Amino acid sequence: MTTAMRSKARPRTGVDWFLTFLRVLLTGLVLFGLLAFLWQQIDPDNPLASAINPDANRLSWDAFQGLVISGLSQGAMYGLIALGYSMVYGVLGFINFAHGEVFMVGAMTGMITSNKLFEAGVWEDNFLLAILIAVLVSVICSTVTAVVTERIAYRPLRGSPRLIPLITSIGVSFFIQNTSAVLLGPGAKSYPRLPDWLRDDIGIGPFDIEGKKLLVLVVAGVSMGALWYLVERTKTGKAMRAVAEDKEIASLMGIDVDRTIVTTFAVGGAMAGVAGILWGILFGSVTEFTGFLPGIKAFSAAVVGGIGNLGGAMAGGLTLGSSESLAPQLVLEPLGVTGHTQLKDAVAFLVLIFVLLVKPTGLFGERLSAEDRA
Amino acid sequence: MSEAVASPTPLLEFRGINTHYGAVHILKDVDLAIYPGELVCLLGGNASGKSTTLKTLLGMVTPTTGEVVLDGEVVNDKPTSYRVERGVTMVPENRRLFKRLTVKENLELGAYLRNDDGVESDLERIYEMFPRVKERLNQKSGTLSGGEQQMVAVGRALMANPRVLLMDEPSMGLAPALVQTNFELIQQIHEEGVAIFMVEQNANMALSIADRGWVLQTGRVVLDDSAEALLANPELRASYLGDGNR
Ligand SMILES: Nc1ncnc2c1ncn2[C@@H]1O[C@H](COP(=O)(O)OP(=O)(O)O)[C@@H](O)[C@H]1O
Ligand SMILES: [Mg+2]
């Protein structure tokens, strides 16, 4: 509270003016783009759109809903991965950059399992059974990876400054990437062909959703629901939240703090495993570097939602995924940005910068006062 | 050591305890004994090692030499949970509620290690003791006033069904009007048969309800006597009781 009061009383510096300028500029650009886009939907020759980009096209409902569904299914996976960043941050206060690789392990082991099942004929005869087995294997492998890294790499560093486990996690991430390249060979590996009903569109209300995207949304939704139940409604979850807030007092309650930290890594790893196999189903292939970009974006999603806040991680993931998918057409094209469809990744990080400029604690973040973090 | 109380085995005991933080020597050859059902207090100035004493009793800090004894058993290498299960709990300094958890969740965490079926009725007992708490069960505990937080902190400790309650400066940060109520509450808990080991700066108040007390000075026990004797001690009057009203 005292810092908040002090920062209000502090005279505004050049940097403050610059940040305010950035906030206004970014908000203005987003609003202009959106307005031009909306107007264009009504009147293709509207002066706002043609002023900057006379070539801008109207977006059909079909194309629009396709972008929304792609954005949400991609965002759901970011959300699942973001949960792991957020939970570990909540409990140990550092960013586990190896979490993207935990996700990659899920995608990789999912690829191995589903190819084996494909060879055995199960993939085509009984897809639901096959995918259930593949999800289980991915979840187990990712969970084990997360727990083992905690035990070997992070636990010995407990109590050292937060920068040290953070840098260690970058090392762990290289280690896992290279282990995968050594064991399985470098380069892209394919998932088996999905059954036809997953490649067709399924109509739900005004939406035509590709089967695999629906599968991704359903599995991600169920996993998030299960996680919410675990954290908010069970004794284990209560212990996790208590440890996140105050380890010393948690141990005074009789909670085994080390075991609770392991549980946190395990649950985060399981969610990354689910995301890994869903990624494989959606994009059909995986490399040892698959964890990198989704990992960084999921981390951004966790920050956008307010790091340490689980609902925020999910919301951040969905926000980031949909912005990535929609913003090129809705905001960038009317602004006349060339090559806007190639700018997905830039959009994700612009969203991060925008949120940090406007609400530094993230969408659902609470102010972490010194007292709270004691 | 005065063997004023008849009961043969102390509930909790320090035998020649030394505690260090890194290279810094905090507790120096401390001997203490708390008997079942007693109300005792530990006095001492700032940074004299009072909180460290409580944390060492609970195993949140490990002593370098000496023995922590619970019911006659040396528990140095047993975790905190072992001691909590056997009836030792604490209301920590500054209460330290889980601020982002609800009042109900805080109380339930107090009973984390229990799986007997007395938990529900103990919750009811806490609600009876603190009707204010019952009205705020689903509120985040960080939003409570200082007095209400104190009630939840005491309630949370009682939910462990303790035989001895360690209290670290229970009147610190309370409005002056609440300090008296708080001491009455401590006496009430004591009358229900729970031993109390209280750390206080408010020496007058503490000694007026305690049976015995110790005075700690830079980690060493310098006085160990009955409450009446301590109240009458000229040295103590000069150093603590004189400004005990601040
Ligand atoms: N975790 C810690 N690490 C290092 N020094 C500590 C720690 N906790 C307390 N101390 C130091 O130990 C001394 C005694 O502290 P404490 O037991 O809290 O005193 P009191 O409760 O009597 O005020 C103080 O000098 C304090 O700074
Ligand atoms: Mg203290």
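Taking chain A as a Gaussian network, Cα atoms linked when under 10 Å apart, which of A:A272, A:A130, A:A302 shows the biggest mean-square fluctuation?
Among A:A272, A:A130, A:A302, the largest mean-square fluctuation in the Gaussian network model of chain A belongs to A:A130.
Could you work out the helix-only [θ] at 222 nm for the protein assembly as shown, with each DSSP H run of four or more residues adding -39,500 (n - 2.57) and the total divided by the number of residues, to the nearest 500 deg cm²/dmol?
Values: 26 runs with 348 residues, N = 620.
After summing the helix terms and dividing by the residues of the protein assembly as shown, the value is -18000 deg cm²/dmol.
Given the Cα-Cα distance of A:Q41 and A:T341 and 0.36 nm per residue of separation, how much length would full extension add, in nm?
Fully extending the segment from A:Q41 to A:T341 adds 106.1 nm.
I'd like the Karplus ³J(HN,Hα) series for region A:106-118: coefficients 6.51, -1.76, 1.60, θ = phi - 60°, whole numbers in Hz, and an x wherever there's a Gly or Pro.
So the Karplus estimates, Gly and Pro as x, are x, 5, 5, 5, x, 5, 4, 4, 5, 5, 4, 5, 5 Hz.
Hey, rough spin-label estimate for A:D258 and B:E235, points 7 angstrom out along Cα→Cβ, what's it come to in nanometres?
Distance between the two pseudo-spin positions: 4.3 nm.
Note down the magnitude of the dipole of region B:97-161 about its Cα centre, charges +1 on Lys and Arg C-beta and -1 on Asp and Glu C-beta and zero elsewhere, to the nearest 20 debye.
Roughly 420 debye, rounded to the nearest 20.
Straight-line reach from A:K189: which lysines fall under 23 Å, measuring Cα to Cα and dropping same-chain residues less than 8 apart?
Cα-Cα hits under 23 Å: A:K116, A:K212, A:K213, A:K297.
Given H placed 1.01 Å from N in the peptide plane, which residues other than close sequence neighbours of B:L166 have an amide H under 5 Å from its amide H?
For B:L166, whose amide H was placed from the backbone, the distant partners under 5 Å are B:T89, B:M90, B:V91, B:F197.
For the residue pair A:I167 and A:K359, what label-to-label distance in nm results when each label sits 7 Å from Cα along the Cα-to-beta-carbon direction?
The modelled label-to-label distance comes out at 3.5 nm.
Each residue of region A:127-133 in order: what ³J(HN,Hα) in whole Hz does its phi give by Karplus 6.51 cos²θ - 1.76 cosθ + 1.60, θ = phi - 60°, with x for Gly and Pro?
4, 4, 4, 4, 5, 4, 4
Would you please report the Å³ per residue occupied by the convex hull of the alpha carbon atoms in region B:97-161?
Hull volume normalised by residue count: 68 Å³.
Other chains near B:147-160: what is the mean number of their Cβ atoms within 10 Å of each residue's Cβ?
Taking all residues of B:147-160 together, the mean is 1.
Looking at region A:176-218 from every direction and averaging, what is the projected area of its Cα convex hull in nm²? Write out the running numbers ahead of the final one.
Values: hull surface 18.2 nm².
For the Cα atoms of region A:176-218, the hull's average projected area reads 4.6 nm².
Charges on Cβ only, +1 for Lys and Arg, -1 for Asp and Glu, centred on the Cα centroid of the protein assembly as shown; of A:S60, B:M205, A:I152, which one is farthest towards the dipole's positive end?
A:S60
Take each of the peptides A:11-17, B:114-120, average the number of other beta-carbon atoms within 10 Å over its residues, and list them starting from the highest.
B:114-120, A:11-17
Could you work out the mean count of beta carbons from other protein chains within 10 Å of each residue's beta carbon in B:77-83? Intermediate values should be presented prior to the final figure.
Working: counts 0, 0, 4, 9, 7, 1, 2.
Per residue, the average neighbour count from other chains is 3.
Based only on the alpha carbon positions, what is the Kirkwood hydrodynamic radius of region B:13-135, in angstrom?
The answer is 16.5 Å.
For the protein assembly as shown, what is the charge dipole size about the Cα centre, in debye to the nearest 20, if Lys and Arg each add +1 at the Cβ and Asp and Glu each add -1 at the Cβ?
Charge dipole of the protein assembly as shown: 1360 debye, to the nearest 20.
Report ³J(HN,Hα) in whole Hz for each residue of region B:38-47, in order, from the Karplus equation J = 6.51 cos²θ - 1.76 cosθ + 1.60 where θ = phi - 60°; Gly and Pro get x.
Karplus-based 3J(HN,Hα) across region B:38-47 equals 7, 10, 10, 9, 10, 10, x, x, 4, 6 Hz.
What's the extension gain from B:T181 to B:N138 if we count 0.36 nm per residue and subtract their Cα-Cα distance? Kindly include the intermediate steps, with their values, before the conclusion.
Details: separation 43, 0.36 × 43 = 15.48 nm, distance 2.50 nm.
Taking B:T181 through B:N138 to full extension adds about 13.0 nm, to one decimal.
Sequence-distant or interchain residues sharing an amide H contact under 5 Å with B:R220, placed H: which?
Correct list: B:K28.
Just name one of A:V243, B:S226, A:I95: the one whose Cα is farthest towards the positive end of the charge dipole of the protein assembly as shown (beta-carbon charges, Lys/Arg +1, Asp/Glu -1).
Towards the positive end, the residue furthest out is A:I95.
At a Cα cut-off below 16 Å, give the lysines reachable from A:K238, other chains included and same-chain residues fewer than 8 away excluded.
A:K247, B:K99, B:K104, B:K140
What percent of all Cα-Cα pairs in the protein assembly as shown falls in each 10 Å bin, counting up from 0?
Whole-percent P(r) values from 0 Å outward: 3, 14, 20, 20, 17, 12, 8, 4, 2, 0.
Taking R0 as 51 Å, what FRET efficiency do you get between B:M129 and A:L25 from their Cβ-Cβ distance, rounded to the nearest 0.05?
Step by step, r from the Cβ atoms, then E = 0.30.
Between B:D77 and A:I204, what is the label-to-label distance in nm when each label sits 7 Å out along the Cα-to-Cβ direction?
5.7
A:M253: accessible area at probe 1.4 Å, nearest 10 Å²?
So the heavy atoms of A:M253 present about 10 Å² to solvent.
Select from A:L80, B:V179, A:T20 the residue farthest towards the positive end of the dipole of the protein assembly as shown; place +1 on Cβ of Lys and Arg, -1 on Cβ of Asp and Glu, and compute about the Cα centre.
So the residue furthest toward the plus end is A:T20.
Residues of B:106-112, mean number of Cβ from any other protein chain within 10 Å of their own Cβ, rounded to a whole number?
Mean partner-chain Cβ count within 10 Å for B:106-112: 5.
The values are calculated or read from the model by the stated rules, or taken from the named source; none is laboratory data. Computed from a predicted model, the values in this text were never measured in an experiment. Cβ atoms come from the backbone with ideal geometry, glycine included; neighbour counts cover every protein chain shown. For accessibility, only protein heavy atoms count, side chains too; no ligands or nucleic acids. Shrake-Rupley method; radii C 1.70, N 1.55, O 1.52, S 1.80 Å.
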